[in-house]
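Accompanying notes for the structure given below.
The values are calculated or read from the model by the stated rules, or taken from the named source; none is laboratory data. It should be emphasised that the depicted structure is a prediction, and the values quoted were computed from it without experimental measurement. A quick note on method: Cβ atoms are made from the backbone with ideal geometry, for glycine too, and the neighbour counts reach across all protein chains shown. The protein model used for the area step is the full one, side chains on, heavy atoms only, and it has no ligands, DNA or RNA in it. Shrake-Rupley method; radii C 1.70, N 1.55, O 1.52, S 1.80 Å.
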Amino acid sequence: MNLFEKWLLPPTCVLTGDPAENFDLSPLLIEALKRPNEVCPVCCELSLKVGGEKILCGACMTTPPAFCRTQVGFYFEGALSQLVYGLKYHQKTAYARLLAEMTVESFDAEGVQALVPVPLHPLRRRDRGYNQAELIAKELGRLLDIPVLTKGVLRIKDTPSQTYLNAKQRHQNLGRAFEVRCEAFDSFSHIALVDDVITTGATMQVLARCLQRKTNIKLIEAWAIAKTK
Ligand SMILES: [Zn+2]
């Protein structure tokens, strides 16, 4: 928030109601959040650093994913998970701005020409009234001055909830889930897919693979506010 907004509306924690500092979240809650550090730069799973350099995990070395890099703000726990649940299931759409402000510094946006939110199936979007990934992407796009493409990919299969599926089942569940409007990507060679949370990375992987097959995009990144441990 800018100085005028701060003066007009002093930051107040949306979860506790306590006075806050830079964001509408108590500094104590922010301090308790953990960021993925010792992780593989491609998939963001744990991977040891060697001499200060992040190194690829075994899985990415043997079968590289369709995306070239994963960037996330925090681990999905504590206040972060409360904010994401609020945004996703309780119509707290204002949390999208807070989540974007809290995480924007975690993203290295060098070279990224467009942000592409992971689409929701139209039926789910209608039930919820919005796509939380799109709200986040728009806030990040505003802060980073990067255009957001919302009409380039459609979700054409209403996939059952992924919650209780393992990685292989998630991939099967997502088969032919997306349709790409190739012309929307004609002028881009480096994009970032944006989602609220990355769990196994299956959704990003399937979407990235689909874009890789159908467009000339060279570099696809996976961005999310948080990642499950
Ligand atoms: Zn990896």
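Can you work out which of the residues in the stretch 31-43 that are of a type in the set (A, V, I, L, M) and either within 16 Å of the ligand (Cβ to nearest atom) or open to solvent by 100 Å² or more (accessible area, probe 1.4 Å) (or both) is farthest from the chain's Cα centre (by Cα)?
Let us first name the residues in the stretch 31-43 that are of a type in the set (A, V, I, L, M), namely 32-33, 39, 42.
With either within 16 Å of the ligand (Cβ to nearest atom) or open to solvent by 100 Å² or more (accessible area, probe 1.4 Å) (or both) added as a condition, the list becomes 39, 42.
On the way: V39: 17, V42: 14 Å.
Out of the qualifying residues, it is V39.
Give L28, L8, L56, L46 a once-over and let me know the one that is open to solvent by 80 Å² or more (accessible area, probe 1.4 Å) and within 16 Å of the ligand (Cβ to nearest atom).
On the way: L28 fails: within 16 Å of the ligand (Cβ to nearest atom); L8 fails: within 16 Å of the ligand (Cβ to nearest atom); L56 fails: open to solvent by 80 Å² or more (accessible area, probe 1.4 Å).
Checking each option against the conditions leaves just L46.
Go through (1) under 15 Å from E101 (Cα atoms); (2) open to solvent by less than 70 Å² (accessible area, probe 1.4 Å) for L15 and report which single condition fails.
Every listed condition holds for L15 apart from (1).
Could you grab the pairs with beta carbons closer than 7 Å, sequence gap of 6+ or different chains, first residue in the stretch 70-94 and within 14 Å of L15 (Cα to Cα), second one open to solvent by 20 Å² or more (accessible area, probe 1.4 Å) and polar (S, T, N, Q)?
Listed by first residue and then by second, the contacts come to L87/T93.
Would the stretch 103-113 turn up any residue that is under 20 Å from N22 (Cα atoms), part of a loop (DSSP other than H, G, I, E, B) and within 13 Å of the chain's Cα centre (by Cα)? So that I can check it myself, show each step before the final result.
Within the stretch 103-113, the first condition is being under 20 Å from N22 (Cα atoms), and the residues that meet it are 103-107.
So of that shortlist, the ones also part of a loop (DSSP other than H, G, I, E, B) come out as 107.
From the residues that got through so far, the ones that are within 13 Å of the chain's Cα centre (by Cα) too are 107.
The answer is yes; a qualifying residue exists.
Here is a list: L99, L165, L144. Which entry is closer than 27 Å to R35 by Cα and open to solvent by less than 30 Å² (accessible area, probe 1.4 Å)? Give the steps one after another, and end with the answer.
Working: L165 fails: open to solvent by less than 30 Å² (accessible area, probe 1.4 Å); L144 fails: open to solvent by less than 30 Å² (accessible area, probe 1.4 Å).
After ruling out the rest, the residue left standing is L99.
For the stretch 143-163, state whether one or more residues are closer than 30 Å to L46 by Cβ and assigned to a helix (DSSP H, G or I).
For the stretch 143-163, residues closer than 30 Å to L46 by Cβ and assigned to a helix (DSSP H, G or I): present.
Could you please let me know if Q71 is within 16 Å of the ligand (Cβ to nearest atom) and either β-branched (V, I, T) or not in a helix (DSSP H, G or I) (or both)?
Values: within 16 Å of the ligand (Cβ to nearest atom): yes; either β-branched (V, I, T) or not in a helix (DSSP H, G or I) (or both): yes.
So Q71 passes the test.
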